[in-house]
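Okay, so here's the structure we're looking at.
The numbers here are math on the coordinates, done by the rules we state, and not lab data. Quantities reported herein were computed from a predicted structural model and do not represent experimental measurements. Here the Cβ is made from the backbone with ideal geometry for all residues, glycine too, and neighbour counts use every protein chain on show.
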Amino acid sequence: METTSTFRLLDGKAISAAYRQDIAREVEQLRAAGKRAPHLSAILVGANGASETYVASKIKNCKEVGFESSLFRFPDTVTEAELLDKINSINNDSSIDGLLVQLPLPKHISVQRITETISPEKDVDGFHPLNQGRMVQNLPCYLPATPYGIMLMLEHEGITTAGKHCVVIGRSNIVGMPMSILMSRNADPGNATVTLCHSRSTDLSAITRTADILIAAIGKPRFVTSDMVKEGAVVIDVGIIRIEDSSTKSGYRITGDVDFENVAPKCSYISPVPGGVGLMTIVGLLKNTLRAAKGEVKFSF
Ligand code: GUN
């Protein structure tokens, strides 16, 4: 079969830079109107290498667009009560607009209790059940940062989603599940026919081969191979996996869920890893924080 081979790269670096510039401009306008800069707080527990990297990147990006930021670190021996106290004090601090608690957390801490304690009006990760419920009903809310970033990427590139078959692999609360909801909503981008696949799906390849848009969010290196992809598909790789590699300075390299080299020639568009969705996740977070500072999501009537 003939291959497309002229795929277009969904370049997270360039696309995120364009969005960050828009955000920085809005911050300048807020400041010019006498308002303070948006302020994001992050809570980081323990010393997980990947989490350290993600949080450092979030803080750096805040600075670059003119946001205030604050980072609260706790050892992995912290009690749940101590974390809940910190969250409550940030909830009550009117100088802070957005709060995220970096996941994963140590086993002795309930992610559900932490998530539900964050004020839904400061929940810029969009993980609170009230935000996720509003997302399902297409009401004003914070969207989870990674799915939001992917929607912004599709919008920026003018990729048609209406009427297309979108297959999402992975059903996590953070990516796969909300992605399936956003792609099926009556919105643009959206209006796709969505199939959500997961570990119990049978004959996965038969399903993925029917995808016009394939979104891989499973965290398994190079899981999506070229035989799983239809000619001309849009492929979005959400995986960010560290693979040991003694030839690199850090001792690891980053790979995605998609076997990029072999899949790309079949695609109309494909996102690389690194340099793809990861950078858009930060855009989603920054946009949520800006919306929080502007008071755009309210839960009190
Ligand atoms: N861990 C992996 N992804 C995320 C994210 O988007 N937000 C937070 N808080 N933790 C994560």
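Here are the numbers:
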| item | result |
| --- | --- |
| All positions within the stretch 95-108 that are within 23 Å of Ser16 (Cα to Cα) and more than 10 Å from the ligand (Cβ to nearest atom) | Asp97, Gly98 |
| Lone unmet requirement of (1) farther than 30 Å from Glu121 by Cα; (2) of a type in the set (Asp, Glu); (3) away from the ligand (no atom under 16 Å from the Cβ); (4) touching a residue at least 40 places away in the same chain (Cβ under 8 Å) for Asp257 | (3) |
| Residue check, Val111 crowded, with 22+ Cβ neighbours inside 10 Å and within 12 Å of the ligand (Cβ to nearest atom) | no |
| Residues that are assigned to a loop (DSSP other than H, G, I, E, B) and either away from the ligand (no atom under 16 Å from the Cβ) or of a type in the set (Asp, Glu) (or both), drawn from the stretch 120-141 | Glu121, Asp123, Asp125, Gln137, Asn138, Leu139, Pro140 |
| Among (1) over 24 Å from Ala18 (Cβ atoms); (2) touching a strand residue (DSSP E or B) at 6+ places or on another chain (Cβ under 7 Å); (3) surrounded by 15 or more Cβ atoms within 10 Å (Cβ to Cβ) - the single one Tyr269 does not satisfy | (1) |
| Positions within the stretch 177-201 being within 16 Å of the ligand (Cβ to nearest atom) and buried (at least 23 other Cβ atoms within 10 Å of the Cβ), in sequence order | Pro178, Met179, Leu182 |
| Which numbered condition Arg222 misses (of (1) within 21 Å of Ser268 (Cβ to Cβ); (2) within 18 Å of the chain's Cα centre (by Cα); (3) assigned to a loop (DSSP other than H, G, I, E, B)) | (2) |
| Verdict on Pro75 being surrounded by 20 or more Cβ atoms within 10 Å (Cβ to Cβ) and more than 13 Å from the ligand (Cβ to nearest atom) | no |
| Residues of the stretch 272-301 that turn out to be in a helix (DSSP H, G or I) and surrounded by fewer than 14 Cβ atoms within 10 Å (Cβ to Cβ), as a count | 0 |
| Some residue of the stretch 35-53 being more than 16 Å from Gly275 (Cα to Cα), out of contact with any strand residue (DSSP E or B) (no Cβ under 6 Å at 6 or more places or on another chain) and among the β-branched types (Val, Ile, Thr) | no |
| Unique residue being within 13 Å of the ligand (Cβ to nearest atom) and buried (at least 20 other Cβ atoms within 10 Å of the Cβ) when the list is Val55, Val45 | Val45 |
